[in-house]
Amino acid sequence: MSIHTKTLPQLAAGLRAREFSAVELARHFLDRIAAHGPALNALVSVTADTALEQAAAADRTLAAGLGGPLTGIPLVHKDIFCTQGVRTTCGSRMLDNFVAPYDATVVAKLKGAGMVMLGKANMDEFAMGSSNETSFYGPVKNPWNPGLVPGGSSGGSAAVVAARLAPVATATDTGGSIRQPAALCGLTGLKPTYGRVSRYGMIAFASSLDQGGMMTASAEDAALVLQGMAGFDPRDSTSVERPVPDYAAALGQPLKGLTIGLLKEFFDKGLDPDMERSVREALAVYQQLGATLKEVSLPSIGLSVPAYYVVAPAECSSNLARFDGVRFGYRCKDPRDLMDLYKRSRGEGFGAEVKRRIMTGTYVLSAGYYDAYYLKAQQVRRLIANDFERAFGEVDVIMGPTTPTPAFGLGDKTSDPVTMYLNDIYTIGANLAGLPALSIPCGPVRQLPAGLQIIGRHFDEERLLNVAHVYQRETDWHTKVPAAYE
Amino acid sequence: MSNETWETVIGLEIHAQLATKSKIFSASATQYGAPPNAQASLVDLGYPGVLPVLNQAAVGMAVKFGLAINAQVTPRSVFARKNYFYPDLPKGYQISQYELPIVARGHLDIVLDDGSVKRVGITRAHLEEDAGKSMHEGLGAHSGIDLNRAGTPLIEIVSEPDLRSAKEAVAYLKKIHTLVRYLEICDGNMQEGSFRCDANVSVRRRGEVKFGTRAEIKNVNSFRFVEKAINHEVARQIDLIESGGKVVQETRLYDPNKDETRSMRSKEEANDYRYFPDPDLLPVEVTPEFIAGVRATLPELPDEKAARFVSQFGLSAYDAGVLTASRELGAYYETVVKDFPSDPKLAANWVNGELAAALNRDNLDITQSRIGAGPLVGLLKRIADGTISGKIAKEVFEAMWDSGASADAVIEEKGLKQISDPAAIEKAIDEVMAKSPGQLADYRSGKDKLFGYFVGQVMKATGGKANPAQLNELLKKKLAG
């Protein structure tokens, strides 16, 4: 087995057994990044020097018999997380020159756990996109087929882990931005419960929906990384003060007695029949493992896309107002006056999709439209949350496809934003309701990865990870690596 | 400036800076006067990724204010974003409260010129953050931005349109100013901008039920300017209407140098603030226990103190009102009365009279008084025991003020002790009578008014030290022959 296909526990064991040092591990992945990163366009920055320093420090920690399961494990951060002294672009020209003076809480926590940052992953501009084609740094390619998109907005993170350029990448999910690219790239991607992971230092897109998470090969790896990321942060008022369970310890519980809800509305005519077949095969595995399937209905879930495309742009229009060319980020050349500074800095600094959402958001919050759009969307959101709550009275987890189709071609959906938005039709509900959800690879669809989505109750990450892990013990889809990156 | 035809209608929006040590959503200090941007953290600068965290001390202060104006404290109030672009607004929005303010529906009583009491409704008071400051001077073609003030906690106090003249508006403003300082939630410093006010002004014909179109006068930062600005604006609106024009809804700025208001922006140019609940902050939950805790810290409020001064010390409502205009002045007076309990009225006359005049003349407040409560008691005691007359006491007071010496020392040094020895006074009377035969004859033939002449002459002869009561009595006897 090559070093880059090992699981996190295997890597940690290798480090402890001195099979390889953290520096060697970092070098191995940095070499892979150098070899494959540019073609995939997966990273915006590579931080080789600091990576080797951090790895050396991890080696010292390990040599002293200290450290934990993440010490010395390399990772790549989505370029939405602020990293002190390292450029944080958010995939935008607006922040092309921005070097954050502080670490995001997630970055600080994982650094504190001994993880080694190799670089920053490409992403859709300000996390707005479902194909990683809106990045100022150009599209990311899907390691399974360079003519296809990796999904978005965490497309760089997905490509990095799918090509095994790092065993772990952080990511964020506002409407599916972890789960959808994980599905399209054959990975395990977890979006935790809203409030489980601090948003401090994670550049905001839609504050009430954004949640940090990660992509890994397996649920077992995800459990270890979540352990390092989760927890209350006094600097984020929306993070929840609640103990963090031992996620890894909860893995391996039998699934007998588990009731799985099949979301009727997700098995609709928009679903690719091959995708449906793949998902149903995965469900059959769960039945064999002792779980019961039960159809559930979320009557309001059909409104999730329109509600999302009101709430998210509304919040984004306000969150992105700080990028005005005054204090940081892009500033236009020779502004004539204040208005010119604003208009040209923002006009030149933001890309088309970001501008579209800022305009949509500004419109829905305007006097006379607020009640009809924003307020109504919030009411719909409440209905959807109530639907989920009712369903979770009957079932333990809800399963369905993560996306309607496997990865699509670069450029295929860029001309019609609504077609693009519909890619998130199955993932948005969990964000609107603040629920934890993950995507794991199930059987391929026309030789491409497909994702099974598992949605859980608030703060039920333990169960989600266990349900995913037990499936992954029975199957090997999550171990598949594109031939070019084996 | 209301007249027989026109009635003035005014509502005030007062911004009081809360006296918290740190800002409302960050840990930066709030102290005034630091070098530009020395007190601006990443949160205040609106850096990408940072988040606000509410300073609970600001919540306690807002609740305290709410209790002091008999208002409803909202159990679950909500922060909202007020969106607009300006260089001194780093995030592109101000965090404020909109639909659900922390304090709703209270009131405050003010005393009008005729002594009657008027109740002014307070619509709401909400928490918000201040913006920074743009600086346009001394930087050539550039403007500077100082974000020290950005994120400073404010409470915005919005009155009902209950005020009917500039004088009433000022009385209300002063009362709020007194109150926030009593509560120790604001230092009230108007020069530094810790207490400032916008006035919504309109006029209507007397008897008219509908309000006229209003203009908002922005950021007037002294009591005197508030009165002048409103009076000017009222006159402008009346002139405008009487000459066939129409008042337009707009924001106007008062220029104290020219004593005029001028248009800043019209309603059409006004921002659409696109308020919506701030998703970065949870609703502010205020429990009954929290309210009870804050209530326990409420000091005696100005109206309560004034009522007590009236009943306990027999003062007039006016005197009591003046003495309770600040917490410090009330404390000074009570210290004086504690050591001079025999004549609280005399004490009030001196504190509100000579002392207030001297403070005013030297532009000092009571805490900076050159005569402390103890020394003033020393002076009052010498008046009460007849050592000096009230008139001489004023001379002693001035000397005390200038030199810092005690009353006794001044009296001793200047030989101002009152002459209360009947023989000495009689001797002085005899000498005056001997020098004024003509006046004496006139007096005795019925010109009673000349009595004052003899009092004056004797006082002059004794250097003003003759005990006035004794002098009166003895002089009457002597003149009668």
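Where a number appears in this text, it was derived from the coordinates with a stated rule and is not lab data. None of the values given here were measured: they were computed from a predicted structure. When we count neighbours, we look across all protein chains shown, and the Cβ atoms used for this are built from the backbone with ideal geometry, even at glycine.
Summary of values
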quantity: Set B:175/B:258; A:343/B:21; A:355/B:218 screened for pairs whose C-alpha atoms are more than 30 Å apart; calculated: A:343/B:21; A:355/B:218
quantity: Largest-first principal axis extents of the Cα set of the range B:276-332 (Å); calculated: 55, 25, 18
quantity: Global form of the range B:6-294, assessed from the alpha-carbon gyration tensor, a/c cut-off 1.5; calculated: oblate
quantity: Which of B:222, A:317 has the fewest Cβ neighbours within 10 Å, and the rest in rising order; calculated: B:222, A:317
quantity: Sorted peptide list for A:362-373, A:425-436, B:367-378, criterion being average Cβ within 10 angstrom, highest first; calculated: A:425-436, B:367-378, A:362-373
quantity: Percentage relative contact order, the range B:6-294, counting C-alpha pairs under 8 Å, at least six apart; calculated: 25
quantity: Helix-only [θ]222 nm of chain B, DSSP H runs n ≥ 4, -39500 (n - 2.57) each, per residue, nearest 500; calculated: -11500 deg cm²/dmol
quantity: For the protein assembly as shown, size of Cβ-based charge dipole, Lys and Arg +1, Asp and Glu -1, in debye; calculated: 680
quantity: Nearest-0.05 FRET efficiency for residue B:264 and residue A:244, computed from C-beta distance (R0 56 Å); calculated: 0.60
quantity: Pairwise label distance in nanometres, residue B:431 with residue A:473, each label 7 Å out on the Cα-Cβ vector; calculated: 12.1
quantity: Kirkwood hydrodynamic radius of the range B:422-480, Cα pairs, Å; calculated: 11.2
quantity: Normalised alpha carbon radius of gyration of the range B:302-414 [divisor 2.2 N^0.38 Å]; calculated: 1.02
quantity: Two-site label geometry, residue B:134 and residue A:24: point separation in nm, points 7 Å out along Cα→Cβ; calculated: 6.2
quantity: Per-residue average of Cβ from other chains inside 10 Å of B:81-88; calculated: 4
quantity: Violating pairs (Cα-Cα greater than 31 angstrom) within the set A:120/A:256; A:191/A:480; B:91/B:267; calculated: A:120/A:256
quantity: Range of Cα positions in the range A:346-486 per principal axis (Å), largest first; calculated: 55, 43, 23
quantity: Projected label distance in nm at residue A:97 and residue B:316, using a 7 Å step from Cα toward the beta-carbon; calculated: 7.0
quantity: Mean separation of Cα contacts under 8 Å (6+ apart) over length of chain A, as relative contact order %; calculated: 18
quantity: Shielding by partners, peptide A:197-203 (average Cβ within 10 angstrom, other chains); calculated: 3
quantity: Theoretical FRET efficiency, 1/(1+(r/R0)^6), r = Cβ-Cβ of residue B:339 and residue A:84, R0 60 Å, to 0.05; calculated: 0.45
quantity: Rg over Rh, two decimals, the range A:62-109 (C-alpha only, Kirkwood Rh); calculated: 1.13
quantity: Projected-area average for the range B:35-74 over all orientations - Cα convex hull basis, square nanometres; calculated: 4.5
quantity: Which of A:203, A:80 has the fewest Cβ neighbours within 10 Å, and the rest in rising order; calculated: A:203, A:80
quantity: Whole-Å semi-axes of the protein assembly as shown's equivalent ellipsoid (Cα gyration tensor); calculated: 77, 30, 25
quantity: Residue order, fewest to most beta carbons within 10 Å, for B:177, A:469, B:107; calculated: B:107, B:177, A:469
quantity: Isotropic mean projected area of the C-alpha convex hull, the range B:352-420 (nm²); calculated: 4.3
quantity: Overall form of the range A:157-224 per C-alpha gyration tensor (a/c, 1.5; a/b vs b/c); calculated: prolate
quantity: Of A:186, A:154, A:112, farthest towards positive along the dipole that unit charges on Lys, Arg, Asp, Glu beta carbons give the range A:98-257; calculated: A:186
quantity: Shielding by other protein chains, A:310-322, mean Cβ within 10 Å; calculated: 4
quantity: Descending Cα extents along the principal axes, chain A, whole Å; calculated: 64, 52, 44
quantity: For the range A:353-422 and the range B:89-161, distance of Cα centres in Å; calculated: 37
quantity: Of the trypsin sites (Lys or Arg not before Pro) in the range A:327-362, those whose Cβ has at most 11 other Cβ within 10 Å and which sit in DSSP loop; calculated: A:333, A:336
quantity: Distance cut-off 20 Å, percentage of C-alpha pairs in the range A:1-100 lying past it; calculated: 45
quantity: Convex hull volume of the range B:183-264 per residue (C-alpha atoms, cubic angstrom); calculated: 121
quantity: Between the range B:420-481 and the range A:103-144, the alpha-carbon center distance in angstrom; calculated: 103
